[in-house]
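Presented below is the structure to which this report refers.
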Amino acid sequence: MPKVKVIFPSVLVKVTAGDKATEVFASTLGDALDKLAAKYGDTFKEKIFDSRGKLKRLLNFSVNGKNVRLLKQLETPLEEGDEVFIFPSVSGG
């Protein structure tokens, strides 16, 4: 199973025990997020997933700079050395 790096935004550092990044063994984005939810607990899970188990719209997720919403979302495959970035959506007016 590939080892990937996950980088957290500052808004999640409070629920990741201060970790700004971590590594996890996972074959898909969903697998990686499930393992992180098991590691960091329900508060992390509630920040990432909505009530239907989908990725929250207020966060963006990318694998190696590619938006997963344009790929296979939670089913996006991961390969050894991939970098997963989680970052807040930016909006304005």
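Restricted to the stretch 37-59, and to residues that are out of contact with any Phe, Trp or Tyr (no Cβ under 8 Å at 6 or more places or on another chain) and part of a loop (DSSP other than H, G, I, E, B), which residue is nearest to A17 (Cα to Cα)?
Selected residue: G41.
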Next on the checklist: I'm trying to understand the selection: among the residues of the stretch 19-31, which are closer than 16 Å to F87 by Cα and in a loop (DSSP other than H, G, I, E, B)?
Outcome noted: D19, K20
Checklist entry - Can you tell me which residue in the stretch 81-93 is nearest to the chain's Cα centre (by Cα), limited to those that are under 13 Å from A26 (Cβ atoms) and either loosely packed, with under 13 Cβ neighbours inside 10 Å or not acidic (D, E) (or both)? => result V84
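Which members of the stretch 27-45 meet the condition of being of a type in the set (V, I, T) and more than 16 Å from F61 (Cα to Cα)?
Across the stretch 27-45, the qualifying residue is only T43.
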Item to check | Evaluation of D34 against (1) in a strand (DSSP E or B); (2) at pLDDT 95 or above (one fails), failing number | outcome: (1)
Next on the checklist: If I filter the stretch 60-80 down to residues being in contact with a Leu (Cβ under 9 Å, 6 or more places away or on another chain) and part of a helix (DSSP H, G or I), which single residue comes out as farthest from A26 (Cα to Cα)?
Outcome noted: R69
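Out of the residues in the stretch 32-46 meeting the condition of being surrounded by fewer than 19 Cβ atoms within 10 Å (Cβ to Cβ) and touching a residue at least 24 places away in the same chain (Cβ under 8 Å), tell me which one is farthest from K3 (Cα to Cα).
By that ranking, first place goes to T43.
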Next on the checklist: The conditions are (1) surrounded by fewer than 14 Cβ atoms within 10 Å (Cβ to Cβ); (2) at pLDDT 95 or above; (3) small (G, A, S), and S51 fails exactly one of them. Which is it?
Outcome noted: (2)
Checklist entry - Looking at the stretch 1-26, which of its residues are closer than 19 Å to V63 by Cα, of a type in the set (S, T, Y) and either touching a Phe, Trp or Tyr at 6+ places or on another chain (Cβ under 9 Å) or surrounded by 14 or more Cβ atoms within 10 Å (Cβ to Cβ) (or both)? => result T22
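For the stretch 3-18, give me each residue that is free of Cβ contacts under 8 Å to residues at least 12 places away in the same chain and outside any helix (DSSP H, G or I). Give the steps one after another, and end with the answer.
Residues of the stretch 3-18 that are free of Cβ contacts under 8 Å to residues at least 12 places away in the same chain, as a first pass: 10, 13-14, 18.
Residues satisfying the conditions are K14, G18.
The values are calculated or read from the model by the stated rules, or taken from the named source; none is laboratory data. Just so you know, these numbers come straight off a predicted model, no measurement behind them. Every residue, glycine among them, receives a Cβ derived from its backbone with ideal geometry; neighbour counts consider all protein chains shown.
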